[in-house]
Every structure is written in structure tokens, then in C-alpha cells.
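Each remark here refers to the structure printed beneath this line.
The values are calculated or read from the model by the stated rules, or taken from the named source; none is laboratory data. Since we're looking at a predicted model, the values are computed, not measured. Note: ideal-geometry Cβ built from the backbone for every residue, glycine included; neighbour counts use all protein chains shown. Keep in mind that these areas ignore ligands, DNA and RNA; they rest on the heavy atoms of the full protein, side chains included. Shrake-Rupley method; radii C 1.70, N 1.55, O 1.52, S 1.80 Å.
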Amino acid sequence: MTAQQTKLQDLPTDLKRELLPQHVAVIMDGNGRWAKRQGLPRIMGHKRGVDALKDLLRCCQDWGIQALTAYAFSTENWKRPQEEVDFLMTLFQRVLRQELREMVEENVQIKFVGNLQALPRSLQQEISRSMEETKDNRGIRFSVATNYGGRQEILQACQAIAKQVQQGLLQPDEINEQVFESHLYTAGITDPDLLIRTSGEMRLSNFLLWQMAYGEIYITDALWPDFDRAEFHRALCAYQQRERRFGKV
Ligand code: FPP
């Protein structure tokens, strides 16, 4: 291993380990624009986007961040051209198949969050297999939001709770934040401390609406395929400058 590689793996010296976010979430925006700028079809942007995500996962492992959540496909993304949707579904499946062995070896625990029943059956099978094979891993918790929508997540939690009330299993005044969270797709995953969105857009786009109540947001103009360790380092520096008050003075 070269000195340069050793350096890359280490936490940059200007970052304080005790102030690192435990959980980072990313909205991986700008794949299409990246491809257009290179004179390539949009799907090539998604392919390069996978490489950027793999690098970020590795970087989080190297630097001691405990959880990473990536917005891979929203409930609104079905409205894209059919061939792009098909490409993405095939890409998710292929990447999962290719990367599963390594994730098992590297102690990654992968979880998919979203309405998974609406995904192609072959992808659902790959998803189940990856979650099953990594469920006992205790390294980084990697969540992939697929067919995910924050409002839909909240609605389905309300429906599940209403059913419990109807069946007499729960009293209305027993519904508190803990009960509610236990019905979200992200049950058992701590809320993100930092959400990074690439390509300069300043929106949540229906991502983790409940979970981001107190999370810090960082926006960069970089397009997702260009989001590298240097960009992540900048995001973490900005995060460490923030004063998190959680409503207190
Ligand atoms: C947004 O860019 C990106 C997506 C909708 C897809 C993101 C998916 C990946 C990077 C693949 C992840 C793979 C796995 C297995 C988790 P855009 O197309 O909206 O870009 P634009 O705004 O420039 O058009």
C-alpha cells in the first residue's frame, strides 16, 4: 500500500473524531447532468453514481461513521422514461449481486427501506438475500432507500397504528414518538445527523421527513458522480462548525 493510500484511509487531521456524525444520509442528485456534460447518455451517470456511492461507503467505514443511508429511488422516480426506470432496476440488482460477498466480508449490514413490494420480483429476491446474509453483521449500517417516499412512509405507519387501535391492542394516548418510529421503514436506525444533497438543489424531496426533524443539511454544487472523499471531507468540516441545539438555547 502506498503512502498516499494510507493517508486517504485515515481520518483527516482537521476533523474531530468525537464530533463526527454517527449517521450520514445522501441525496445522490445530478447523475443525469453529469452524463450530459460528458456527452454521455443519462444512464452512464447512474453507473458512475454507483462508483461514487461505493467510495463513500468505504470512506465512512475508514473514518468511523456508523451508518449511511442513500436515496436510490423515490416513489416519484417511476415517472421517468421507462427505459431509465428499467435500467435502474437492473443496475440495483446487478450491483447487489456483485457486491454482496464483499459486504458480508466487510461486516456491512445492508437494509432496504421503502415500499419494496412494488419492485420487480427478481430485485425483491436479491434484496431479501442481501438483508438476510448481512443481518448479523455489526459493522456500518448501510440503508438504501428504494421506492421510498417520506409521506408514504408516515401514512403507512399511521395505518398500521390505526389497525392496532381498532383491534384494541393500543390506546390512542399510548401513541408516542417511540411507537410511531417503530412503524417507520427505518425502525431501529438512528436519525441522520447530517444529510448531504449534491447538485445544488435545496429540497428534501420527500426524503426522511420524520427522521430529519433535527438533522443538519449540507448542500454542495458537485454533481453526484463527482462527490469524492475531498467533497465529503468538506461536508464534514462544515458539519463540525455547526452548533446543534435541538431546540435549546
Ligand atoms: C438522481 O440523479 C439519481 C438517481 C435517481 C439514481 C441514484 C442511484 C444510484 C446512484 C445507484 C445506487 C445503486 C445502489 C445499488 C444503491 P438524476 O438522474 O436526477 O440527475 P439529474 O437531476 O442531473 O437529472
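General remarks:
- Residues of segment 93-131 satisfying the condition of being within 19 Å of Gln82 (Cα to Cα), under 17 Å from the mean Cα position of the chain (by Cα) and surrounded by 17 or more Cβ atoms within 10 Å (Cβ to Cβ): Gln93
Yes or no, residue by residue, for (1) of a type in the set (S, T, N, Q); (2) farther than 22 Å from Glu231 by Cβ:
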| site | (1), (2) |
| --- | --- |
| Gly39 | no, yes |
| Arg42 | no, no |
| Val50 | no, no |
| Met103 | no, yes |
| Val113 | no, yes |
| Gln125 | yes, yes |
| Lys135 | no, yes |
| Phe142 | no, no |
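- When segment 67-88 is filtered for residues that are part of a helix (DSSP H, G or I) and either in contact with a Lys or Arg (Cβ under 7 Å, 6 or more places away or on another chain) or surrounded by fewer than 16 Cβ atoms within 10 Å (Cβ to Cβ) (or both), the ones remaining, listed by number, are Trp78, Lys79, Gln82, Glu83, Glu84, Val85, Asp86.
- Residue list for segment 206-228, restricted to those being part of a helix (DSSP H, G or I) and within 13 Å of Ile196 (Cα to Cα): Trp224
- Residue tally, condition assigned to a loop (DSSP other than H, G, I, E, B) and either more than 23 Å from Gly49 (Cα to Cα) or within 16 Å of the ligand (Cβ to nearest atom) (or both), over segment 187-196: 5
- Of all residues in segment 79-129, those being at positive phi and of a type in the set (Val, Ile, Thr) number 0.
- Answer from Gly64, Gly39 - the residue that is within 17 Å of His233 (Cβ to Cβ) and either open to solvent by 10 Å² or more (accessible area, probe 1.4 Å) or within 12 Å of the ligand (Cβ to nearest atom) (or both): Gly64
- Segment 161-202 - residue that is on the phi > 0 side of the Ramachandran plot and within 17 Å of the chain's Cα centre (by Cα) and, of those, surrounded by the most Cβ atoms within 10 Å (Cβ to Cβ): Ser199
- Residue tally, condition within 22 Å of Thr75 (Cα to Cα), surrounded by fewer than 17 Cβ atoms within 10 Å (Cβ to Cβ) and within 16 Å of the ligand (Cβ to nearest atom), over segment 207-226: 0
- Long-range neighbours under 9 Å by Cβ, at least six apart or interchain, first residue without any contact (Cβ under 8 Å) to a residue 60 or more places away in the chain and closer than 13 Å to Met28 by Cβ within segment 221-249, second surrounded by 14 or more Cβ atoms within 10 Å (Cβ to Cβ) and among the β-branched types (Val, Ile, Thr): Glu231/Ile196; Glu231/Thr198; Glu231/Thr220
- Selection from segment 216-249 of residues that are small (Gly, Ala, Ser) and at pLDDT 95 or above: Ala222, Ala230, Ala235, Ala238
Residues are listed down the side, and each one gets a yes or a no for (1) in contact with a Ser or Thr (Cβ under 7 Å, 6 or more places away or on another chain); (2) within 16 Å of the ligand (Cβ to nearest atom); (3) of a type outside the set (Lys, Arg):
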| residue | (1), (2), (3) |
| --- | --- |
| Val104 | yes, yes, yes |
| Glu133 | no, yes, yes |
| Thr146 | no, yes, yes |
| Ala162 | no, no, yes |
| Thr198 | yes, yes, yes |
| Leu204 | no, yes, yes |
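- Glu102 meets the conditions (1) touching a helix residue (DSSP H, G or I) at 6+ places or on another chain (Cβ under 7 Å); (2) outside any loop (DSSP other than H, G, I, E, B) in every case but one. The failed one is (1).
- Screening Val26 with (1) touching a strand residue (DSSP E or B) at 6+ places or on another chain (Cβ under 9 Å); (2) in a helix (DSSP H, G or I); (3) in contact (Cβ under 8 Å) with a residue 60 or more places away in the chain; (4) within 11 Å of the ligand (Cβ to nearest atom) gives one miss only, at (2).
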